[in-house]
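Please treat every number below as a calculation from the coordinates, not as lab data. Just so it is clear, the model here is predicted, and its values are computed rather than measured. In this analysis, Cβ positions are derived from the backbone assuming ideal geometry, glycine residues included, and neighbour counts consider all displayed protein chains.
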Amino acid sequence: MIALLAAIPLRFWIAGGLLAAGLAYGVSLKLETIELERDLSEEKTLRAFDQTRAAEDAAARERQYRAKEQALNQNRDEVVNDAIRKTEAAASAVVASNVASEQLRQRIATLVAAGRAAKDPGAARPGAAAGDPIGVLADVLGRADTRAGVLAAYADRARTAGQACEQLYDAVAATPARSSSAP
């Protein structure tokens, strides 16, 4: 068998060796190409998974932000409605106070007029309170009471508005700011 192999010319051996080397090189290139394609496919799959996860995370952050925003809006509406109720209650208290104050002023005027009439029957005419210290005092106190009622109504409205503002500020300050990475 060695004699048979020795009978094959050298050029065939060289050609066969080159053919075998070329075939081996071609197979190794094909295997490397298959491996690179598999790696590329895995990389694409991982990248798509990462992009999907990033999109889901962004959507979750957006939903969370929207839920906080809705909660803040609902809280704001409740605070505003509460402030309106308090303002209306204060306004009705002012009306009731004004009615009671007017009744008291009328009662004082009646008593002052009765006191004047008891002292001097000619002094009971209207507009003569300037000479009577009790009449002047009753008039000044009535005006002061009216002005105090106006100031009290203003103070009630300002206090209610201030409390509503504080509640809204506290609600907003307690909420973390939206991150800059959110869409």
**OP:** Mind telling me which of ALA21, ALA71, ALA114 comes out most flexible in a GNM of the chain, alpha-carbon contacts under 10 Å?
**Re:** ALA21
**OP:** Quickly work out the ASN81-to-ASP170 label distance, labels modelled 7 Å from Cα along the C-beta direction, and quote it in nm with one decimal.
**Re:** 1.9
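Counting Lys and Arg as +1 and Asp and Glu as -1, each charge on the Cβ, what is the dipole of the chain about the Cα centre in debye, to the nearest 20? If you can, show how the numbers build up before the last one.
Working: 23 positive and 23 negative charges, 144 e Å.
Rounded to the nearest 20 debye, it is 700 debye.
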Subject >> Computed [θ] at 222 nm, deg cm²/dmol, the chain (DSSP H ≥ 4; -39,500 (n - 2.57); rounded to nearest 500) >> reply: -32000 deg cm²/dmol
Original post:
For the charge dipole of the chain, defined by +1 on Lys and Arg C-beta atoms and -1 on Asp and Glu C-beta atoms about the Cα centroid, which residue among VAL150, ALA100, THR160 has the Cα displaced farthest towards the positive pole?
Top reply: ALA100
Subject >> For the chain, average projected area of the Cα convex hull in nm² >> reply: 19.8
Original post:
Hey, could you pull the Cα Rg and Dmax for segment 1-104, both in Å?
Top reply: 44.0, 145
